[in-house]
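A short reminder: the numbers here are calculations on the coordinates, not readings from a lab. What you see is a predicted model; the values in this text were computed from it and never measured. For neighbour counting, all protein chains shown are included, and Cβ atoms are generated from backbone atoms with ideal geometry for every residue, glycine included.
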Amino acid sequence: MLRPVSKRFLEDHHILGESHDPKLTAFLCRNCHYLATENLLRADVSMLPEPEPLKRAAIMLRALSVHHRMLSDTHWQLATSLEELHTRGETE
C-alpha cells in the first residue's frame with residue numbers, strides 16, 4: 001500500500017549527476033537514493049565535472065541508461081506481482 005510521505009523523507013537524486021545537469025532530479029527515499037547512487041558507481045559513471053562536451057554527453061547517456069535499467073527492473077517486478085495476484089485470484 002502506498003502512503004503519502006512528507007518531503008523531508010525524500011531526497012533529490014540528480015539522475016545525470018549534479019555536475020552534468022543540476023536541474024534533472026527525481027525525489028527518492030533515502031534507501032532508493034542510495035541504491036541509485038550505488039548503481040551509478042558500479043557502472044563507473046563519473047559524477048565529476050567533465051569539460052569536454054562529447055565525454056560529458058557519453059557520461060550523461062550512461063547515467064540515463066542506469067536510470068532506465070532501474071526503471072525496467074521495477075516494471076518487471078511490478079508485472080510479476082500483478083500476474084501472481086491474478087493467479088491467486090483465479091485459485092480462490
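Okay, residues lined up against (1) of a type outside the set (S, T, N, Q); (2) farther than 26 Å from residue 11 by Cβ:
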| residue | (1), (2) |
| --- | --- |
| 23 | yes, no |
| 30 | yes, no |
| 35 | yes, no |
| 43 | yes, no |
| 46 | no, no |
| 55 | yes, yes |
| 59 | yes, no |
| 71 | yes, no |
| 82 | yes, yes |
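Filtering 70, 60 for residues that are assigned to a helix (DSSP H, G or I) and touching a His at 6+ places or on another chain (Cβ under 7 Å) leaves a single hit, 60.
Of all the residues in the range 9-25, those that are loosely packed, with under 15 Cβ neighbours inside 10 Å and either in a loop (DSSP other than H, G, I, E, B) or in contact (Cβ under 8 Å) with a residue 40 or more places away in the chain (or both) number 3. Restricting attention to the range 29-50 and to residues that are charged (D, E, K, R) and outside any helix (DSSP H, G or I), the residue that is farthest from the chain's Cα centre (by Cα) turns out to be 50.
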